[in-house]
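The next block holds one structure in the form of structure tokens; read it before the comments.
Bear in mind these aren't lab numbers, they're just calculated from the coordinates by the rules spelled out. None of these values were measured; they are calculated from a predicted model. Neighbour counts are summed over all protein chains in view; Cβ atoms, including those assigned to glycine, are modelled from backbone coordinates with ideal geometry.
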């Protein structure tokens, strides 16, 4: 078995079910059991402790129960104590490692986020946060070389309801944050609906109900691994249209949408307008910069010029970094370790990590924080969207993806980037943006373009994504035509 193929950055992902042509199962219960044993061994090596405890949770995918049993069996067979959390959220599984009453040594969340039904994966945590890419490689090396802990007695498993504790944590956070006259029901009079996409986020309705909110009109709350209504993904156009329409239909004050394992989210205002991607970053930035003036806001590489202007106008420092939620989070942590001041690290996909919350990308915590502000604004006759009324949105935007058919994907991709970088210097009105941490970003200053583009290598796929934005009608097409000319010599690029 090629264990390395299961690594997806700082996660493990694979095909867990038959049913899709050309996709062979490689994340089997047997493989998951071996990986679980390897994780126990890795934890022992890292901590120096022999007694290891692990919390295990899963999303609602059809393959989840079998993989969960395998992971639990693997860990208990080598002497670990396992707490079976059943259906859970990814952020909640991290919280088991910092629990005040019974912190575990490590945690495993069985999920593949928004990927299709046949996929699944494993995310790993310690009290220091999610594991790094190098840590996953080490665990898979232990599995590949059969360098596993010996089987021993003493392992045990206990079912626990950690999600109830996690829900109480968020309920108390909102109560304390709003400080309403009715402390127990601070959201009374507010109508907030939830779209869980049949993923694991339906529990947030319980939180809202406990706080006195009207949740009538919430949809797709029950977990269903077939995902029969839409993909649980705040970036998916169908999913966002669904929650936007639901807000308008139910006359709600606010709509909330989560991805499958609830580490990402987005919101919708009462007019049915989505607040996601750049708008979501601007919204939480406005709140954070009010609480922590002059904070650095770390984002991924595809954020807009309008967002950069907005963050600066709020007194913040915009640090546009690389794609990949772990890259963004780790950069925020690094800035603070180096003596900087970063309270927010957020990717356009909806992964949002706050310094006040362990730099954990927690979609439910983000929504809870936004709801606290929404309740405060409501008392002044204002709404969340008022905080970002000055955000300049592009007139046009698009993403084009190019498949690389060359044998040396990385090398060929770099050749393309180098050529475009060199040629861009000779295009009138174009200026290469610096500093830039990923690919090539060019500011297009011509009056009929007024925009920018970013060409970069995908983190995991043999693909070059191209993002283009413009502040004038027809600007994207004009920029694209020039880029298209620059790319014509490269016959190993196929436009998808």
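For the range 370-446, the relative contact order works out to 15 percent when only alpha carbon pairs closer than 8 Å and six or more residues apart are counted.
Dividing the C-alpha radius of gyration of the range 408-463 by 2.2 N^0.38 Å, with N its residue count, gives 1.20. Against the compact-protein benchmark of 2.2 N^0.38 Å, the Cα-based radius of gyration of the range 105-194 scales to 1.66. Only DSSP H runs of four or more residues enter the estimate; each adds -39500 (n - 2.57), and after division by the residues of the chain the mean residue ellipticity at 222 nm equals -11000 deg cm²/dmol.
Using a simple spin-label model with pseudo-atoms 7 Å out from Cα toward Cβ, residue 428 and residue 380 lie 4.9 nm apart.
Would you mind checking the range 364-401 for residues with the amide N under 19 Å from a putative spin-label position 7 Å along Cα→C-beta of residue 477? It comes to 394-401, nothing else. Peptide packing for 133-145, 279-291 was compared via the average number of neighbouring C-beta atoms within 10 Å per residue; ordered from the highest value, the list is 279-291, 133-145.
I'd like the antiparallel share, as a percent to the nearest 5, of DSSP beta bridges with both residues in the chain. Close to 60 percent.
Convex hull volume per residue, computed on the Cα atoms of the range 3-160, equals 100 Å³. When peptides 3-13, 395-405, 449-459 are sorted by average Cβ neighbour count within 10 Å, with the highest value leading, the order is 449-459, 3-13, 395-405.
Calculated on the alpha-carbon coordinates, the convex hull of the chain measures out at 152 cubic angstrom per residue.
Rg(Cα) of the range 166-388 divided by 2.2 N^0.38 Å? Rounded to two decimals, the normalised Rg is 0.96. Length gained on full extension, residue 49 to residue 26, computed as 0.36 nm times the residue gap minus the Cα-Cα distance: 5.1 nm. In nanometres, what is the gap between the two model label sites at residue 169 and residue 236, each 7 Å from Cα along Cα-to-Cβ? So the two model labels end up 2.7 nm from each other.
With the convex hull constructed from alpha-carbon coordinates only, the range 94-145 shows a mean projected area of 4.7 nm² over all directions. So for the range 396-495, what percent of the C-alpha to C-alpha distances run longer than 19 Å? That fraction is 37 percent.
Based on the Cβ-Cβ distance from residue 182 to residue 102, what FRET efficiency comes out when R0 is 41 Å, to the nearest 0.05? Once rounded, the FRET efficiency stands at 0.80.
Computed over every Cα-Cα pair of the range 50-102 and binned at 10 Å starting from 0, the pair-distance distribution P(r) comes out as 24, 52, 23, 1 percent. Hydrodynamic estimate: the Kirkwood radius of the range 328-409 over Cα pairs, inserted into Stokes-Einstein at 10 °C and 1.306 mPa s, corresponds to D of 99 µm²/s. Net length available on complete extension from residue 132 to residue 484 is 123.0 nm, with 0.36 nm assigned per residue and the Cα-Cα distance removed. Across the range 28-78, counting alpha-carbon atoms alone, Rg and Dmax equal 11.4, 36 Å.
In terms of the mean number of neighbouring beta-carbon atoms within 10 Å, the peptides 150-159, 263-272 order highest first as 263-272, 150-159.
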